[in-house]
Amino acid sequence: MLQRAQPRVENPRYGQLIIGPPGSGKTTYCNEAYKFYKELGRQVGVVNLDPGNDNMAYQPLVNVMELITVEDCMEHMQLGPNGALMHCAEYLEQHIEDWLLPALRKLSATHNYFLFDCPGQVELYTHHNAMARIFERLEAERYNLVTVNLIDSHYCSEPAKFIATLLMALNTMMRMSLPHVNVLSKADLLRKHESKLHFNVDFYTDVLDLKYLLEKLDDDPTMRKYQKLNEAICSMVEDYALVSFKLLDAFSTDSMLRLRNHIDKANGYVYKAGEEQTVNSLLACAVGAETEAMRQQHDIEPYVKQP
């Protein structure tokens with residue numbers, strides 16, 4: 001049966017949903033990405049959806065802390081920080097129609113690209129449903145969204161933590177059901193951890209044969225008793241074959257440009273943007289037409305070779 005064609009959106013809106021564990025650099029990325037995309041000429045703005053974000057270096061267009069804060073919730077409802085954050089997410093979901101969406105609609109004439117700075121509690125994306133429903137409502141509002149999951153790159157230096165990271169990333173990807181880009185943030189610090197890495201960096205970014213990582217886990221007496229569990233987790237990650245990572249130094253223009261290409265492919269902005277001046281450059285960005293040597297030169301070497 002033929003389906004009715006979707007109406008064309010005259011002024012399409014795009015968004016990055018910035019998620020990740022606490023300390024992964026979400027707010028720093030939002031601040032640097034705002035300046036970066038502003039220089040590219042995009043009508044960009046930051047929306048703070050983190051009710052516990054007290055250290056914003058940017059000026060948000062919409063700030064959930066004007067609606068509810070973790071501190072107030074803890075004080076008035078006698079909740080701990082995790083419970084308060086979950087309640088705040090549920091409260092935001094309840095007021096998405098009468099608070100968040102009207103605030104965003106007022107910006108439609110001046111902004112069409114949004115960076116959503118989201119809470120850092122991973123349970124909100126791996127177990128809880130409020131944030132997923134908020135994202136789903138934004139998508140229904142015709143926002144072209146991509147989830148950008150920031151994870152601190154130092155987890156690569158510890159096999160157990162990296163396996164936990166893989167499971168968390170896969171769980172989040174499955175539950176959010178959105179285009180997704182996993183990012184190893186603070187990649188400029190990898191040089192400090194390089195001696196602790198058991199494999200080359202592309203082993204971690206491409207999530208190559210994980211049986212070698214399991215062998216390293218077996219060398220740790222405290223992890224040996226979890227051998228079957230770790231094998232099951234790695235087998236599941238490999239069976240889905242969905243998880244991979246991009247490296248990011250948020251203070252490097254080259255690094256931000258590389259990540260921009262991946263994000264623009266994921267949310268479809270590349271097919272609309274006026275920044276790509278030629279058909280060849282547009283196709284190269286959209287298809288990823290570059291050799292493995294070029295990818296290594298731009299994506300790996302800047303983070304592990306001494307300048």
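The values are calculated or read from the model by the stated rules, or taken from the named source; none is laboratory data. As the structure is a prediction and not an experimental result, all values here were calculated from the model. So basically every Cβ, Gly included, is an ideal-geometry build from the backbone, and we count neighbours across all protein chains shown. Ligands, DNA and RNA are excluded from the accessible area calculation, which covers all protein heavy atoms including side chains. Shrake-Rupley method; radii C 1.70, N 1.55, O 1.52, S 1.80 Å.
Cβ contacts < 9 Å: first residue free of Cβ contacts under 8 Å to residues at least 40 places away in the same chain, restricted to segment 20-40; second residue in a loop (DSSP other than H, G, I, E, B) and among the aromatic types (Phe, Trp, Tyr), any location; separation 6+ or different chain. Result?
Matching pairs, first to second residue: Asn31/Tyr58; Lys35/Tyr58.
Just the residues that are touching a residue at least 40 places away in the same chain (Cβ under 8 Å) and not in a helix (DSSP H, G or I), please, taken from segment 213-249.
If the condition is that a residue be touching a residue at least 40 places away in the same chain (Cβ under 8 Å) and not in a helix (DSSP H, G or I), then Asp220, Leu242, Val243, Ser244, Phe245, Lys246, Leu247, Leu248, Asp249 are the ones that fit.
Look through Pro51, Pro21 and report the one residue that is over 24 Å from Pro179 (Cβ atoms), open to solvent by less than 40 Å² (accessible area, probe 1.4 Å) and assigned to a loop (DSSP other than H, G, I, E, B).
One residue alone meets the criteria, Pro51.
Provide a single number: the residues in segment 140-177 that are among the charged types (D, E, K, R) and open to solvent by less than 40 Å² (accessible area, probe 1.4 Å).
Final tally of qualifying residues: 2.
When segment 183-197 is examined, which residues are found to be part of a helix (DSSP H, G or I) and touching a residue at least 12 places away in the same chain (Cβ under 8 Å)?
Ala187, Asp188, Leu189, Leu190, Arg191, His193, Glu194, Lys196, listed by residue number.
Could you grab me the full set of residues in segment 68-80 that are loosely packed, with under 13 Cβ neighbours inside 10 Å and out of contact with any His (no Cβ under 8 Å at 6 or more places or on another chain)?
Hits for segment 68-80 are Glu75, His76, Gln78, Gly80.
Return the residues of segment 57-67 that are touching a helix residue (DSSP H, G or I) at 6+ places or on another chain (Cβ under 6 Å) and either surrounded by fewer than 18 Cβ atoms within 10 Å (Cβ to Cβ) or at pLDDT below 95 (or both); say none if nothing qualifies.
Ala57, Tyr58, Leu67 - these are the residues of segment 57-67 that are touching a helix residue (DSSP H, G or I) at 6+ places or on another chain (Cβ under 6 Å) and either surrounded by fewer than 18 Cβ atoms within 10 Å (Cβ to Cβ) or at pLDDT below 95 (or both).
For the subset of segment 38-48 comprising residues that are in a loop (DSSP other than H, G, I, E, B) and out of contact with any Phe, Trp or Tyr (no Cβ under 7 Å at 6 or more places or on another chain), which member is farthest from Leu101 (Cα to Cα)?
So the residue we want is Leu40.
If Val183 satisfies every condition in (1) open to solvent by 20 Å² or more (accessible area, probe 1.4 Å); (2) at pLDDT 95 or above but one, which is the exception?
Every condition holds for Val183 apart from (1).
Would you check if Tyr204 is closer than 23 Å to Gly23 by Cα, at pLDDT 90 or above, open to solvent by less than 20 Å² (accessible area, probe 1.4 Å) and not charged (D, E, K, R)?
yes
Here are the criteria: (1) open to solvent by 50 Å² or more (accessible area, probe 1.4 Å); (2) of a type in the set (Lys, Arg); (3) part of a loop (DSSP other than H, G, I, E, B). Tell me which single one Lys35 does not satisfy.
(3)
Between His95, His87, which is farther than 30 Å from Phe251 by Cβ, surrounded by fewer than 16 Cβ atoms within 10 Å (Cβ to Cβ) and not basic (Lys, Arg)?
Exactly one of His95, His87 is farther than 30 Å from Phe251 by Cβ, surrounded by fewer than 16 Cβ atoms within 10 Å (Cβ to Cβ) and not basic (Lys, Arg), namely His95.
Could you grab the pairs with beta carbons closer than 7 Å, sequence gap of 6+ or different chains, first residue in segment 162-180 and closer than 19 Å to Arg137 by Cβ, second one assigned to a helix (DSSP H, G or I) and open to solvent by 20 Å² or more (accessible area, probe 1.4 Å)?
Filtered contacts from segment 162-180: Arg175/Ala132; Met176/Ala132; Pro179/Ala266; His180/Met173.
Those residues that are open to solvent by 60 Å² or more (accessible area, probe 1.4 Å), within 19 Å of Pro60 (Cα to Cα) and either modelled with pLDDT of 95 or more or among the polar types (S, T, N, Q) (or both), I need them from segment 107-139; list them, please.
Selection gives Thr110 alone.
Run down Gly83, Gly25 and say which single residue is within 18 Å of Arg260 (Cβ to Cβ) and among the small types (Gly, Ala, Ser). Talk me through it step by step, then tell me what you get.
Values: Gly83 fails: within 18 Å of Arg260 (Cβ to Cβ).
The unique qualifying residue is Gly25.
Quick one: Trp99 ticks every box in (1) aromatic (Phe, Trp, Tyr); (2) touching a residue at least 60 places away in the same chain (Cβ under 8 Å); (3) out of contact with any strand residue (DSSP E or B) (no Cβ under 8 Å at 6 or more places or on another chain) except a single one, so which number is it?
(2)
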